[in-house]
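To keep things clear, I will list the structure first and then write my remarks on it.
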Amino acid sequence: MRGKNILVIDDERQIVEILDNFLTLQGFKVKKAYDGQQGLDILKSGKQVDLIILDEKMPGMGGTVFFKEVKKLEIDVPVIVLTGSVTMSQIDHSVKKEYKHILVKPVRLSELLELMNKLLASKAKGRSGRKAKKSK
Amino acid sequence: MKRKKSAAKKKTKKIPRGIGQKNAKILKEADSLLKSLIDKEKEIIKTEDALVESMRRFRDLFEQSPIGVGINDTKGEVLIVNKAYLEIFGLKSFADITHQNLFSDLRLPPGDKKRIRSGHVVQYESEYDFNNAGFSTSREGTRYILFTISPLFREKEIIGYMVQIQDSTERRKVAESQRLAQLGRLLSDMAHEVNNPLMIISGRAELALLEGVGDEKVRDILSVILDQCFFAKSIIQRLLKYSRIGKVEKRPVDMRKALDLIIDILQHHFKMSNIVLKKDLEPDLPMVTVNEKQIQEVFMNILRNSADAMPQGGIITISAMKEKDFLRIDVRDTGEGMVPEVLERIFEPFFTTRQKGTGLGLAVCHTIMQEHSGYLSYKSKVGEGTTATILLPIGYSPASY
């Protein structure tokens, strides 16, 4: 999965920096954003993004709104949501079901990497599969 | 003659008029007297009616009050009680409590006897286990009763005592769930705030380890930092669970299947620790309405505790049977057991005997069982083992959230 483009969105600069260092070390290319709007701008600019790591709670455009906006763009990018709360009580119910991949902070970087590799691998595989489904 | 006539005429005319006037006056007086007598009579009847009505009202107030009320004499002997009073204690009639004395039978806190006798109002709450009440009662289970005892005065002298009782169990439950909901919000907010810095600490430590920073000593320290971050995370997760119990869906569950699943999950772990698991389940176990995940959590905790109590291995026996309106499940181990001082505190949040324990496992279990209107209790003997007993109400179907 080396060379894949990862978009990291978190208002906590320290966390973005840690993820940047870690993912770069693992051979990924990292794009950084500090709120939902910045993340959306990167996506809209047409730059290649293979996976998004999204913080749930951010000032300005938070994770929930960002997620909805991404859906509107109709791009097929897996999203890993990082949340501070186990219960996700503050998360909008309509989006709750859509969040398929949630990790509760603090996250072990090794655990995050494992999930990322899994998603990127299944995305590579799933493309042809999904197309086949559609043609049915 | 003319004069006479006229005089006579005058006279005859005058006299009757005078008498008439007097009579009329008397008649009028008599009439008004009669009228006022009738009025007074009416008033008396009215007053009597009002009195009867007022007595009725007071009787209704006394008899139909949802608050149990009893009147006791100065010695504390009970004189009269209302319907609610009998109902709250689960008594059939007044004859059941003619022996009851305020000062010896109503669990008056020590010291309050004096206060009541000196004219103070006293309030206290007492837990009644009606299954072992010590008197004949139609009530079951544990209930909380709130007592308010006030002296009755007549011209500054105490002529008796009024005992008011209320079943405060539901109120306590509501207060408890409100408290937990509040705690849940607080914890949820706190989790957001604390987990970010925890992520920064753990992330930095993990990254440094990956980058191969420092010598072995430094790396050991980094590992400890990393581990402790995740330990802190597990405490927060458990606390959140503890505070958010109750807002879940409950469904009818076959506990035989549920238990099999739990045993399956733990089987491997038990084999490794030299623990033999025995099952003794009655063939026709009734269904119970529960949240399966939560009940699973309860059994996981109980079974893990049992395993931890048997570091050299041993036997865990799970037995299940129908007992009155409950499904009873016992988990018995042959472990080291607990001393009474420990047994007393096992449900306290943050109480733990383990180095790595959060002290929240059984606190969570206890709350889950409360939410299911069930019971969890422990019996233990040092050197012999521990038995956890779970009672789940059969056919209990509360409003699902």
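The values are calculated or read from the model by the stated rules, or taken from the named source; none is laboratory data. Fair warning: this is a prediction, and the values are worked out from it, not measured in the lab. When we count neighbours, we look across all protein chains shown, and the Cβ atoms used for this are built from the backbone with ideal geometry, even at glycine. To get the accessible areas, we keep the full protein, side chains included, count just its heavy atoms, and leave off ligands, DNA and RNA. Shrake-Rupley method; radii C 1.70, N 1.55, O 1.52, S 1.80 Å.
Output the residue which, of all residues in region B:344-358 that are within 24 Å of B:Phe270 (Cβ to Cβ) and without any contact (Cβ under 8 Å) to a residue 60 or more places away in the chain, is surrounded by the most Cβ atoms within 10 Å (Cβ to Cβ).
Step one: list which residues in region B:344-358 are within 24 Å of B:Phe270 (Cβ to Cβ), which gives B:346, B:352-358.
Okay, now just the ones that are also without any contact (Cβ under 8 Å) to a residue 60 or more places away in the chain, so B:346, B:352-355, B:357.
On the way: B:Ile346: 22, B:Thr352: 16, B:Thr353: 13, B:Arg354: 10, B:Gln355: 5, B:Gly357: 14.
It comes out as B:Ile346.
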- Item | strands (runs of 3 or more DSSP E) contained in region B:256-342 and holding at least 2 residues open to solvent by less than 50 Å² (accessible area, probe 1.4 Å), under 17 Å from B:Ser380 (Cα atoms) and β-branched (Val, Ile, Thr) | B:314-323, B:326-333
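State all residues of region B:48-60 that are under 34 Å from the mean Cα position of the chain (by Cα) and over 18 Å from B:Phe94 (Cα atoms); if no residue qualifies, say none.
Selection gives B:Arg56, B:Arg57, B:Phe58.
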- Message: I'd like to know if region A:96-106 contains one or more residues that are open to solvent by less than 60 Å² (accessible area, probe 1.4 Å), of a type in the set (Phe, Trp, Tyr) and at pLDDT below 95.
- Response: yes
- Query: at pLDDT 85 or above and surrounded by 14 or more Cβ atoms within 10 Å (Cβ to Cβ) - does that describe any residue in region B:169-181?
  - Reply: yes
- When region A:35-53 is checked residue by residue, the ones that are more than 14 Å from chain B (Cβ to nearest Cβ) and under 22 Å from B:Ile201 (Cα atoms) are A:Asp35
- How many of the residues making up region B:78-114 are among the charged types (D, E, K, R), over 21 Å from the mean Cα position of the chain (by Cα) and open to solvent by 70 Å² or more (accessible area, probe 1.4 Å)? 3
- Message: Of the residues B:Ile158, B:Ile149, only one is assigned by TED's automatic domain parsing to the domain that holds B:Gly119 and open to solvent by less than 30 Å² (accessible area, probe 1.4 Å); which?
- Response: B:Ile149
- Restricting attention to region B:130-151, the residues that are more than 19 Å from B:Ser104 (Cβ to Cβ) and in a strand (DSSP E or B) number exactly 4
- Query: For residues in region B:209-219 being farther than 20 Å from A:Gln26 by Cα and exposed (fewer than 11 other Cβ atoms within 10 Å of the Cβ), which is farthest from the other protein chains (Cβ to nearest Cβ)?
  - Reply: B:Lys217
- Message: Name the residue that is nearest to the chain's Cα centre (by Cα), counting only residues in region A:1-23 that are among the basic types (Lys, Arg) and away from chain B (no Cβ under 13 Å).
- Response: A:Lys4
- What pairs come up if the first residue lies in region B:230-254 and is at pLDDT below 80, the second is surrounded by fewer than 20 Cβ atoms within 10 Å (Cβ to Cβ) and of a type in the set (Phe, Trp, Tyr), and their beta carbons are under 8 Å apart, counting only those six or more places apart or on different chains? B:Gly246/B:Tyr401; B:Lys247/B:Tyr401; B:Val248/B:Tyr401; B:Glu249/B:Tyr401
- Going by the structure shown, is B:Val290 outside the structural domain of B:Glu140 (by TED's automatic domain parsing) and in contact with a His (Cβ under 7 Å, 6 or more places away or on another chain)? yes
- For A:Gln26: the one exception among (1) open to solvent by less than 40 Å² (accessible area, probe 1.4 Å); (2) within 14 Å of another protein chain (Cβ to nearest Cβ); (3) in contact with a Lys or Arg (Cβ under 8 Å, 6 or more places away or on another chain): (1)
